[in-house]
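One structure is given below, encoded as structure tokens.
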Amino acid sequence: MIASEPSHIRPQSTSERVSVLFLKEGTDLYGAEKATLRLLRRLDFTRLDVNVAIMDPASGASAFTRAVQDLGTPLRLIQIPAAPGAALRAFRAVTREINPQAVVTVGYKCDIIGKLALTGLSPFTASVLHGWASTDWKARLYYRVDKLFFRYFDGLFAVSEGLLETARALSSTGQTACIYNGVDPGELTKLSHDPLPAGIDESSELIVFAGRLVKEKGVWCLLEAFKRLGRPATLCLAGGGPLRQELEAWAVSNGLAGRVMLPGEVKNVCPLLRRAAVVVLPSIINEGLPLIVLEAMALGKPVVASDQPWSSGVLQDGINGLLVPSGDPVALAAMLDRVLANREMADRLGSAARGTIMEKFTEETVARRFETHLLSWLGK
């Protein structure tokens with residue numbers, strides 16, 4: 001177990017604050033990891049004594065761990081082994097040492113390992129539901145077990161209204177809350193002025209997709225829709241994933257190689273979002289709450305997304321975004337044509353989208369919402 005202490009003084013004595021221990025798997029920076037980082041950096045450390053245990057591989061610190069170390073907040077970082085048995089024993093030892101009032105797990109592996117490690121111990125336990133996005137059979141097995149464990153948690157946080165319904169159905173205590181994911185509009189605006197990735201065509205209308213290039217994200221539906229567009233435009237699929245070569249080959253075989261761009265992993269997607277005429281997320285499964293949608297909205301961009309449960313409470317069709325049936329390339333093409341052809345509508349949708357973010361989805365708002373519910377559940 002390796003503990004990393006902050007470089008600056010922690011506020012107040014530990015006894016005057018509520019002790020919270022997070023458990024998270026060390027991975028690359030995907031949506032749930034970025035959302036967790038944004039929550040951690042906005043917590044009120046005058047009220048909470050925050051400890052974060054991360055299950056890291058023996059090969060070294062994960063990207064998530066390095067990002068936590070770089071937060072510059074007065075939390076305690078504790079690295080534990082990633083192997084399930086060793087992680088369980090180490091996390092139990094950490095919990096005994098810290099004796100937290102609350103344990104918060106993030107991710108299905110952490111839900112299972114954390115709850116088993118706490119057998120016989122008595123902290124309040126809560127899980128943060130970010131959804132179950134993979135269709136891989138091993139992941140689906142984990143998801144089934146994870147859902148069985150939820151009945152043993154004292155509280156369940158969900159990051160979308162759709163997941164809140166799942167949490168309510170699985171909770172045995174009735175203590176559930178939707179906290180959403182948060183973004184920092186000011187930070188995103190600054191990042192948006194960085195240079196565009198090399199090779200991006202700035203001479204035509206740009207449709208932007210950003211995310212993993214996997215079938216669950218609806219990328220094949222998007223390509224079929226793009227082929228049907230009634231106006232010239234460029235499609236940028238920003239991200240890595242197993243389908244990248246197949247998508248490139250499809251673009252070539254359909255005579256669209258010059259109009260479909262696949263720049264690979266893009267560290268900062270904000271310049272692409274700023275340049276976009278429309279941002280699209282045609283997922284064919286229910287995600288947690290996609291950060292790319294919130295980031296696009298924060299930058300005042302119109303969003304076209306598939307009508308999945310996560311969109312409830314975020315996108316209002318025709319008000320601050322546009323929704324289409326999931327997996328329907330004809331409907332998606334028609335909607336993209338519509339928003340590209342009507343600049344006034346696009347600007348109106350984008351302006352309303354930014355207003356929604358400022359009202360409900362800033363990092364500060366999400367952190368206060370999390371703290372309010374957790375402290376209420378603890379009777380504070």
task: Give the relative contact order (percent, whole number) for the chain; include only Cα pairs under 8 Å separated by 6+ residues.
output: 15 percent
- prompt: What percent do you get for the relative contact order of the range 264-351 when only Cα pairs under 8 Å and 6+ apart count?
  reply: 30 percent
query: Amide H to amide H, which residues 5 or more places from Asp49 or on other chains are under 5 Å from it, using H placed in the peptide plane?
result: Val18, Ser19, Val20
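Roughly how big is the range 147-266's charge dipole about its Cα centre, with Cβ charges of +1 (Lys, Arg) and -1 (Asp, Glu), in debye to the nearest 20? Don't skip to the answer; put the middle values down first.
Details: 12 positive and 14 negative charges, 91 e Å.
For this selection, approximately 440 debye.
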message: How would Val279, Val260 line up from fewest to most surrounding beta-carbon atoms within 10 angstrom?
response: Val260, Val279
task: Show the residues, 5+ positions off or on another chain, whose built amide H is closer than 5 Å to the amide H of Gly241.
output: Leu213
field: Phi to ³J(HN,Hα) by Karplus 6.51 cos²θ - 1.76 cosθ + 1.60 over the range 172-185, Hz, x for Gly, Pro
entry: 9, 10, x, 8, 10, 7, 9, 10, 6, 9, x, 9, 10, x
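Would you please classify the overall shape of the range 311-360 from the alpha carbon gyration tensor, given that a ≥ b ≥ c denote the square roots of the eigenvalues, rounded means a/c under 1.5, and beyond that prolate means a/b larger than b/c while oblate covers the rest?
On the way: a/c = 3.80, a/b = 1.37, b/c = 2.77.
Because a/c hits 1.5 or more and a/b fails to exceed b/c, the range 311-360 counts as oblate.
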- request: Identify, among Ile292, Gly255, Pro325, the residue whose Cα sits farthest towards the positive end of the charge dipole of the range 236-380, taking +1 on the Cβ of Lys and Arg and -1 on the Cβ of Asp and Glu, with the dipole about the Cα centre.
  value: Ile292
- prompt: If the limit is 28 Å between Cα atoms, which of Lys215/Lys360; Lys115/Lys215; Lys24/Lys215; Lys227/Lys360; Lys190/Lys360 go over it?
  reply: Lys215/Lys360; Lys115/Lys215; Lys227/Lys360
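How much length would be gained if the chain were fully extended between Gln245 and Ser122, taking 0.36 nm per residue of separation minus their Cα-Cα distance, in nm to one decimal?
39.3 nm is the gain from fully extending Gln245 to Ser122.
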- line: The alpha-carbon center of the range 334-380 and that of the range 183-202 are separated, in whole Å, by 19 Å
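Can you tell me the dipole magnitude for the chain around its Cα centre, using point charges on the Cβ only (Lys, Arg +1; Asp, Glu -1), in Debye to the nearest 20?
Numbers: 42 positive and 39 negative charges, 114 e Å.
Roughly 540 debye for the chain.
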- request: Taking amide H positions as placed in the peptide plane 1.01 Å from N, state which residues far from Ile285 in sequence (5 or more) or on other chains have amide H under 5 Å from it.
  value: none
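Over the range 185-360, what is the relative contact order in whole percent, taking alpha-carbon pairs under 8 Å and six or more residues apart? Mind dumping the intermediate values first?
Details: 331 pairs, mean separation 44.7, N = 176.
It comes to 25 percent, rounded to a whole number.
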task: Would you mind computing, in nm to one decimal, how far apart the modelled labels at Glu359 and Leu29 are, each placed 7 Å from Cα along Cα→Cβ?
output: 3.0 nm
- prompt: Measuring from centroid to centroid over Cα atoms, what is the spacing of the range 249-324 and the range 34-100 in Å?
  reply: 31 Å
- prompt: Contour minus end-to-end for Ala334 and Leu256, with contour as 0.36 nm per residue of separation and end-to-end as the Cα-Cα distance?
  reply: 26.2 nm
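I need the peptides 165-178, 240-253, 76-89 ranked by packing, meaning the mean over residues of other C-beta atoms within 10 angstrom, with the highest value on top.
Numbers: 165-178: 16.1, 240-253: 14.6, 76-89: 17.9.
By packing density, highest mean first, the sequence is 76-89, 165-178, 240-253.
Quick note: the coordinates plus some simple rules give every number you see, no bench work behind them. Fair warning: this is a prediction, and the values are worked out from it, not measured in the lab. Neighbour counts run over all protein chains shown; Cβ positions are idealised from the backbone, glycine included.
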